[in-house]
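Asks: Here it is, the structure, as structure tokens.
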Amino acid sequence: MHHKILFSGPVGAGKTTAIAAISDVTPVVTEARARDRTRLMKPHTTVAMDYGVMELEGGDKVHLYGTPGQPRFDFMWEILAEGGLGIILLIDNSAADAMYRLRHFLDAFDEVIRRTSLVVGITKMDLAPTPTLADYSERLEQAGIRAPVLEVDARSADDVALLIEALLYTIDPGLDAGDPRAETAQ
Ligand SMILES: Nc1nc2c(ncn2[C@@H]2O[C@H](COP(=O)(O)OP(=O)(O)OP(=O)(O)O)[C@@H](O)[C@H]2O)c(=O)[nH]1
Ligand SMILES: [Mg+2]
């Protein structure tokens, strides 16, 4: 089985980093030299997409796509979301307007989120402890969205794997082979 998952979220949240950390193949990246405000944050930014693959134990493959964070490339968001099982939104907690950015992406992907599944990963909590995970959960609740919110470091393959597992579990608990309840149910 082939699955497709989309990573999105604002500039610098760690989408490219996360896909590179977890991919079993050399990821395809479309990085260009950043200009304007983005350059103050980091030298490169995604201009089209990221792509990587994660192989599951049973032989299933999860194709991982990452969007550009910059709004000027937002025409790519819808294209990349097509056919996906769900979306992982990464939010950089060290950004002053982190909560506003979450709302912006919830709005942008509203249709996809309601049709599929969502997991939210908060990055850079080592740099900024607030807002808290509870703050994010509350904001999601206000928007009428139920989704797991996890603290992650996009550089950590284990953390990224947790996000993907959470999404797969949200879609179909049977996909989570590590769940002991799945065995007792047989
Ligand atoms: N300190 C810290 N740094 C992190 C963490 N997660 C990611 N980073 C760093 O944050 C930066 C994220 O950059 P990218 O992966 O290019 O971000 P992106 O979301 O792809 O950004 P765009 O493509 O520009 O939209 C990298 O330098 C990572 O090493 C974290 O939890 N803590
Ligand atoms: Mg990127």
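Asks: For Cα pairs less than 8 Å apart in space and 6+ apart in sequence, what is the mean separation divided by the residue count of the chain, i.e. the relative contact order in percent?
Replies: Details: 347 pairs, mean separation 42.3, N = 186.
Result for the chain is 23 percent.
Asks: Using alpha carbons only, how many angstrom separate the centre of segment 144-161 from the centre of segment 68-94?
Replies: Cα centres, segment 144-161 to segment 68-94: 15 Å.
Asks: Follow-up question, since we're still on this one. Just to confirm the filter: which GluC sites (Glu not before Pro) across segment 4-95 are DSSP coil and have at most 10 other Cβ within 10 angstrom of their Cβ?
Replies: 57, 82
Asks: Please compute the modelled spin-label separation between residue 31 and residue 94, points set 7 Å along Cα→Cβ, answer in nm with one decimal.
Replies: 1.6
Asks: Moving on to the next point. If eta is 1.306 mPa s and T is 10 °C, what Stokes-Einstein diffusion coefficient results for the chain, Kirkwood Rh from Cα pairs, in µm²/s? Present the calculation step by step, with values, prior to reporting the outcome.
Replies: Values: Rh = 16.6 Å.
For the chosen part, D equals 96 µm²/s.
Asks: Given charges of +1 on the Cβ of Lys and Arg and -1 on the Cβ of Asp and Glu, with all other atoms neutral, how large is the dipole of the chain about its Cα centre, in debye to the nearest 20? Write out the running numbers ahead of the final one.
Replies: Working: 18 positive and 28 negative charges, 168 e Å.
Roughly 800 debye for the chain.
Asks: Hey, got a sec? Which trypsin sites (Lys or Arg not before Pro) in segment 127-160 land in a DSSP loop and have at most 16 other Cβ atoms within 10 Å? List each step's numbers first, then the result.
Replies: Details: sites: 139, 146, 155; in loops: 146, 155.
Answer in residue order: 146, 155.
Asks: What is the Rg over Rh value, at two decimals, for segment 65-158, using alpha-carbon atoms and the Kirkwood definition of Rh?
Replies: On the way: Rg = 12.9 Å, Rh = 13.8 Å.
In segment 65-158, Rg relative to Rh is 0.94.
Laboratory data are not the source of any read-out in this text; all were calculated from the coordinates shown. Keep in mind that what you see is a predicted model, and the values were worked out from it rather than measured. Every residue, glycine as well, gets a Cβ built from its backbone with ideal geometry; the counts of neighbours run over all protein chains shown.
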